[in-house]
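The values are calculated or read from the model by the stated rules, or taken from the named source; none is laboratory data. Since the model is a prediction, treat every value here as computed from it, not as a measurement. Note that we place each Cβ from the backbone using ideal geometry, even for glycine, and neighbour counts take in every protein chain shown.
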Amino acid sequence: MNATTADLGISPENIEKENWLDCLAEGIDDLQVTERLIVTLFYYENLTIQEIALVLELSESEVSKIHHDTVLELLKR
């Protein structure tokens, strides 16, 4: 079963962007290269999933899945 941010009690309404980025930043160094790139490009460079897919030469669905799984893993820490 895949967890969601709702399962973790996390929603945009109850976490500020600065805190969200702090949560992500704490574990980003431990990520694999592709995961780190996707998180960095999305949250810090403001690229879209489509743009990241083009840059990394991956499908949009693959980038979206990696992004989702990585963010959930970071927020669980």
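General remarks:
- Note on the range 16-55: residues that are within 22 Å of LYS76 (Cα to Cα), of a type in the set (A, V, I, L, M) and modelled with pLDDT of 90 or more amount to 6.
- Taken over the range 39-73, the criterion of being under 17 Å from LEU21 (Cα atoms) and not in a helix (DSSP H, G or I) is satisfied by GLU45, ASN46, LEU47, THR48.
- Among the residues of the range 48-57, those identified as touching a residue at least 12 places away in the same chain (Cβ under 8 Å) and over 11 Å from the mean Cα position of the chain (by Cα) are ILE52, VAL55, LEU56.
- Filtered by the rule that a residue be crowded, with 18+ Cβ neighbours inside 10 Å and within 8 Å of the chain's Cα centre (by Cα), the range 36-47 gives ILE38, VAL39, PHE42.
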